[in-house]
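Note sheet for the following structure.
Nothing in this text is a laboratory measurement; each read-out follows from the coordinates by a stated rule. Nothing here was measured: the structure is a model prediction, and the numbers come from that model.
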Amino acid sequence: MQKYLVSIFYPSSYKTSFGEAMKRKVNLSEITYKEPIKVKTVLQPSLLDLPKEEVSSSSPFNLEVEISKKPIGYEVKGKISGEVELTCSRCLKKFNKRIDKEFKYELMPTSELSGGQIKSGELDIKFSDETVLDLAEVVHEQVVLELPVKPLCSNECKEVKYEEESVNETDKRWDKLKELRDKLKEKEK
Ligand SMILES: [Zn+2]
């Protein structure tokens, strides 16, 4: 028998601590060998905390996840689906990127990190001593992994001539400076 926690999709205006808790957190200590926990939920963009400099907006993200207990730690597997709005690194146009992704990783206590048997980065392992799994964080991490280093609105945009490319890069540098200036201004407030 598997435990199913199916949360209700509340409109974003509906905010109670109970509703949020149901959608967002899984108490790992409740998971037994016999009973993995399955959660199906929808996470609002405001909870995902995606990097604003890369993602100008995002749809709500669907998450299906199953967490099973292992001799050491847990296995987390599931899938996410949603859409993010990115800015093309060449023409600076905004475009939507669909993200449908399956993922799987092991969640290990940090004590395993010093054991020497498992090296971080070797497998899909995440080290954490948290007893509660924040599903918004799970989606955040998976989305960030899918963000391209150089987003392109289309394949054609890849073939822009060199001259135009260098112009764009100059523009981008100015953007960075503007960003810095805005940040400094904010701090002064
Ligand atoms: Zn483009």
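3J(HN,Hα) along region 60-75: x, 10, 7, 9, 10, 9, 10, 10, 10, 7, 10, x, 10, x, 9, 10 Hz, from the Karplus curve 6.51 cos²θ - 1.76 cosθ + 1.60 with θ = phi - 60°, whole Hz, x for Gly and Pro.
Checking the table LYS150/LYS183; LYS97/LYS126; LYS158/LYS185 against a 30 Å threshold on Cα-Cα, which pairs fail? Mind dumping the intermediate values first?
Numbers: LYS150/LYS183 23 Å; LYS97/LYS126 26 Å; LYS158/LYS185 35 Å.
In this structure, LYS158/LYS185 lie more than 30 Å apart at Cα.
You can think of it this way: the chain between GLU83 and LEU147 has 21.9 nm of extra reach, that is 0.36 nm per residue less the Cα-Cα gap.
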